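The values are calculated or read from the model by the stated rules, or taken from the named source; none is laboratory data. It should be emphasised that the depicted structure is a prediction, and the values quoted were computed from it without experimental measurement. Here the Cβ is made from the backbone with ideal geometry for all residues, glycine too, and neighbour counts use every protein chain on show. Heavy atoms of the whole protein, side chains included, go into the accessibility calculation; ligands, DNA and RNA do not. Shrake-Rupley method; radii C 1.70, N 1.55, O 1.52, S 1.80 Å.
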Amino acid sequence: MSNKPVIVFEGIECSGKSLHIKNVCNYLKKRSISYLYLREPGGSKNSEIIRKLILNKKSNFNKNTDLFLYSASRSENIQKLKKFHKKKIILIDRFTDSTLAYQHFGLGININLIKKIHNVILDDFKIDFTFLNVVNNKNMLSRLKKRNKLNRYDKFSSKFYQKVQRGYLKIASKRKNKYLIINSNQDLKRNKEIIIRKINDLIK
Ligand code: TMP
């Protein structure tokens, strides 16, 4: 693996992934190590426009349209990602596993269709490592309640999110050496330390 890996943070709502990725960004900044950060959907000008469209509470696209919009948003990022691939550490808040977990495992869209779309969009761009953040139903619900702004995808039933999370775990179980599962029900400080230790290992 290159010491400029592509690292993705995944997980369902309120699993702590965005907090952890920000913590890693701050850590790298402090050490003057350059990196590229982006979130999906979003991450570039056009993708952010698509993000607003998908996640707007007034939108009511069907699940296939959502798949195409998430894919369009990713497609708009790929040039930027390829430009920095192996030149900078790349940190991404959600990527292709989100589509497999939400659109396939959650919403039942054919997995082969999703894989085909990813083949077209990604070409030879590959993820090196994924932190999968998991949270139990009770903690997810109580954290979600505290959010003052909810988007269209924050409004599924808790059963749906559990299905999505099981999907994530299934994906991770197939490539155990490429995933680290972070139990977000446990001590935050301890999780931060575990992640930073792994990051140091990945970039050395
Ligand atoms: P977040 O940025 O707050 O995590 O919200 C993004 C939402 O979009 C989240 O509910 C997961 C969902 N999503 C998908 O359903 N498929 C995807 O491919 C991506 C990137 C996100």
Go through the residues of region 82-90 one by one and say whether even a single one is buried (at least 17 other Cβ atoms within 10 Å of the Cβ), at pLDDT 95 or above and near the ligand (Cβ under 8 Å from one of its atoms).
-> no
Do the conditions hold for G108, that is, is it buried (at least 20 other Cβ atoms within 10 Å of the Cβ), touching a residue at least 12 places away in the same chain (Cβ under 8 Å) and within 29 Å of S157 (Cα to Cα)?
-> no
Of L188, L132, the only residue that is touching a residue at least 12 places away in the same chain (Cβ under 8 Å) and open to solvent by 40 Å² or more (accessible area, probe 1.4 Å) is L188
Could you figure out which of (1) part of a helix (DSSP H, G or I); (2) closer than 27 Å to E76 by Cβ; (3) among the β-branched types (V, I, T) isn't true of I195?
-> (2)
Has region 26-44 got at least one residue that is open to solvent by less than 20 Å² (accessible area, probe 1.4 Å), touching a strand residue (DSSP E or B) at 6+ places or on another chain (Cβ under 6 Å), of a type outside the set (K, R) and under 15 Å from N200 (Cβ atoms)?
-> yes
